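Everything below concerns the one structure shown next.
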Amino acid sequence: MRTTLAIIGAAALAATAAGCGSPSERAQDGGGEEGLTTITVGATPVPHADVLKYVQENLAADAGLDIEVQEFTDYNQPNAALTEGGLDANYFQTRPFLDDFLANNSDADLVYLDDVHLEAFGLYSQDLEDVEGIEDGAKIGVPSDAANMGRALKLLEQEGLLELAPDAGDNASESDIEKNPKDLDIVPTEAAQLPRSLQDLDAAAVNGNYAIEADLATEANALAWESTEDNPYGNGLVVRGEDTEDEAVTTLNELLHSDEVKEYMEKEWKGVVIPLGGEKE
């Protein structure tokens, strides 16, 4: 299995894009290992890259695929890498996150396929035992990117800590806070940095993947979990618009929804990573 840490500059991406085609087109031209179609997928390490590695090691060859995983340590690079042709797909984000990226990158033509899993988004604290312990003026960390900030603010609203404007939408921001009865100090922080910032905060709303990486289940107290009912924040496979019908892309998407992958998620992450079904309407 080939796994690399991708820190890719614009020039390198442009060079890669020059020789890029769909995975199946490259396979027809003789690319990839004999009898297999190579597909390069960008992912954040946990759980996304782990899931892809499981598919590569257990399912891919029988389905005619060879999956190359490029790992990214933040949310800022995978969509740019996919747009520029450095990747065939990425697997790290939610629909609202992609929507926000597309709204700010009008030249990008990226398509979210199906929800694969949901990572339970939690409110964590090193010192507090429950939400009731959050005092007036408490410092609450939230992800600084638009999609995940909205998700964090909705979790705080769910717990009665603040109230958002009715039309706030999935990508709510601080300006959408209508009521803040405890005068909470909302501290936007890069999502990957939130677990290590807990020592300077009273609590923080943390993405499931970063909570898993930092082992917050044992290193901190989970004060609250977001509701999974009608949750728009599933994570799924994203490809360029021209590749949505590509055979290799379709096969990988099917493998990610297989019973074997669902069982792997349930066993490996015991409820923090929740497998999901097919496409949402």
Hey, got a sec? Which trypsin sites (Lys or Arg not before Pro) in the stretch 229-276 land in a DSSP loop and have at most 10 other Cβ atoms within 10 Å? Lys270
If you average over every viewing direction, what projected area does the convex hull of the Cα atoms of the stretch 72-158 give, in nm²? 7.4 nm²
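Counting helices only, and only those DSSP H runs with n ≥ 4, report the 222 nm mean residue ellipticity of the chain as the sum of -39,500 (n - 2.57) divided by its residues, in deg cm²/dmol to the nearest 500. Present the calculation step by step, with values, prior to reporting the outcome.
On the way: 11 runs with 86 residues, N = 281.
After summing the helix terms and dividing by the residues of the chain, the value is -8000 deg cm²/dmol.
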Largest-first ordering by accessible area, 1.4 Å probe, given options Glu34, Glu213: Glu34, Glu213
Report the gain in length on full extension from Asn180 to Ser258: 0.36 nm times residue separation, minus Cα-Cα distance, nm rounded to one decimal. 23.7 nm
Could you pull out every residue, at least 5 positions away or on a different chain, whose amide H is within less than 5 Å of the one on Glu68? Hs are placed 1.01 Å off N in the peptide plane, and Pro or chain starts have none. Ile39, Thr40, Val41
Cα-based Lys pair tally, the chain, threshold under 25 Å, eight or more apart or on separate chains: 14
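Per the 1.4 Å probe, what fraction of the accessible area of the stretch 161-281, in percent, lies on carbon and sulfur atoms? Kindly include the intermediate steps, with their values, before the conclusion.
Numbers: 2550 of 6160 Å².
That fraction is 41 percent.
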Gain in length, Ser197 to Asp109, computed as 0.36 nm per residue apart minus the alpha-carbon separation, to one decimal in nm? 28.2 nm
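For the chain, what does the accessible surface come to per residue with a 1.4 Å probe? Please give it in Å².
Values: 12680 Å² over 281 residues.
Spelled out: the 1.4 Å probe surface of the chain, per residue, equals 45 Å².
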Quick check: residue separation of Glu229 and Lys270 times 0.36 nm, minus the Cα distance between them. What number comes out in nm? 13.0 nm
Kirkwood Rh, Cα Rg: Rg to Rh for the stretch 149-281? 1.01
Divide, for the chain, the radius of gyration over alpha carbons by 2.2 N^0.38 Å, where N is the residue count. 1.04
Rounded to one decimal in nm, the spacing of the 7 Å Cα→Cβ label points at Thr73 and Thr218 is 2.3 nm
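Mind giving me the FRET efficiency for Asp167 and Asp62? R0 is 35 Å, r the Cβ-Cβ distance, nearest 0.05 is fine. Mind showing how you got there, number by number?
On the way: r = 49 Å, r/R0 = 1.39.
The calculated FRET efficiency here is 0.10.
The values are calculated or read from the model by the stated rules, or taken from the named source; none is laboratory data. Since the structure is predicted, the reported quantities are computational estimates derived from the model, not experimental observations. Because the Cβ atoms are built from the backbone with ideal geometry, glycine has one as well, and the counts that use them run over all protein chains shown. For accessibility, only protein heavy atoms count, side chains too; no ligands or nucleic acids. Shrake-Rupley method; radii C 1.70, N 1.55, O 1.52, S 1.80 Å.
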